[in-house]
Amino acid sequence: MSRTQITVFVLVAIVALVLGLTVNKVLNSKGQGDPTLLLDAGIVLLPQSRTLPELSLTDQDGRQVQVNELKDKWSLLFFGYTFCPDICPATLAQLRQLQGQLPQETRDNLRVILVSVDPNRDTPAQLKKYLDYFDAGFIGLTSDEKTLGALANAVSIPYIPADTSKENYTVDHSGNLVLIGPDGTQRGFIRAPINNDKLAAQLPGLVAPQN
């Protein structure tokens, strides 16, 4: 190997080292933690944050909420519905339990939002009644089918609109959670089924307030 080749090799190695340290510093500065442990906890971060569409939904108190303005703290969006017989109450109960496993600072910096996939039955009043049962400060959002479908597509959470002509119909939907950062962009997902113990270990570092 010539001296020129050796010099080029050394320079490439130095550049690679600097880039590696820079990437590591950026990840650590964002509080993302160990990618392996995050994945083991079911937390999948997007390589690039995703901007949310400008859509207006109604919360359980009848107030308008712009989904692209969910800022200042982290948000977990769960797409479900109040008449769900199994996955929804079980998931919300787990999330309530998870809150008790998290440090106060983490709880204060994280909101849980149920986005209805059943606008036919999930009025604001119905959402409020349902979420009050969990007594966990959860937020509920609903809107028309078109708006809800647009939001679900934007964050890659599939569901199949129900045939509302059938009595006691159910809605097929994903159990994954959408992770929204304090800047109002989608940062990733939490895969179902959720594991509270692993999430309790990883979420404090991930959603820690950044100075």
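Just so you know, all these numbers are worked out from the coordinates, no wet-lab data involved. What you see is a predicted model; the values in this text were computed from it and never measured. Cβ coordinates were reconstructed from backbone atoms using ideal geometry, including for glycine residues, and neighbour counts include every protein chain displayed.
What the table shows:
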read-out: P(r) histogram, all alpha-carbon pairs of region 34-206 included - 5 Å bins from 0, percent; value: 1, 8, 18, 23, 22, 16, 8, 3, 1, 0
read-out: Set Lys73/Lys166; Lys71/Lys198; Lys166/Lys198; Lys73/Lys198 screened for pairs whose C-alpha atoms are more than 29 Å apart; value: Lys73/Lys166; Lys166/Lys198
read-out: Summed side-chain charge close to Asp86 - residues other than Asp86 whose Cβ falls under 15 Å, Lys, Arg +1, Asp, Glu -1; value: -2
read-out: Only Lys, Arg (+1) and Asp, Glu (-1) charged, at Cβ; region 88-143 dipole about Cα centre in debye; value: 80 debye
